[in-house]
Amino acid sequence: MPALNLVRTLTHPNSVYAAAFSPDGKTLATASLDNTIKLWVVETGAEKARIKGHGDGVCGVAFSPDGQSLFSASLDRSLKIWTSEGVLQATLGGHQDYVECFA
């Protein structure tokens, strides 16, 4: 088996619960208990954007198949739909408990 080598470390000030690559593989989204989503440039590891809008930890994140939308699930009992650049498009609420995952 080939050896694995650490390429870079990307951080949040709290636990990271989920990560997802954009369909083109150029962006990585990370979801954290610090209530944010971060977008990273995969090639360099640079932070591209820090998305704020959830009232509690973010525990799920995924890109749409076309890469134009980003979805997030939160312990604030909501799902949010963002543009791929982090502009809020919609909030889906009304859940009775934490939204921990989605598909």
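For the reader, a short list of remarks on this structure follows.
- For the range 77-98, the criterion of being aromatic (Phe, Trp, Tyr) and at pLDDT below 95 is satisfied by at least one residue.
- Residue in the range 85-99 that is assigned to a strand (DSSP E or B) and aromatic (Phe, Trp, Tyr) present: no
- Residues satisfying the stated conditions in the range 52-69, i.e. outside any loop (DSSP other than H, G, I, E, B), open to solvent by 10 Å² or more (accessible area, probe 1.4 Å) and touching a Phe, Trp or Tyr at 6+ places or on another chain (Cβ under 9 Å): 59, 61, 62, 63, 69
- Filter result (among the hydroxyl-bearing types (Ser, Thr, Tyr), part of a strand (DSSP E or B) and within 20 Å of residue 78 (Cα to Cα)) within the range 1-47: 17, 30, 32, 36
The values are calculated or read from the model by the stated rules, or taken from the named source; none is laboratory data. It should be emphasised that the depicted structure is a prediction, and the values quoted were computed from it without experimental measurement. Here Cβ is always computed from backbone atoms with ideal geometry, including for glycine, and neighbour counts include all displayed protein chains. Heavy atoms of the whole protein, side chains included, go into the accessibility calculation; ligands, DNA and RNA do not. Shrake-Rupley method; radii C 1.70, N 1.55, O 1.52, S 1.80 Å.
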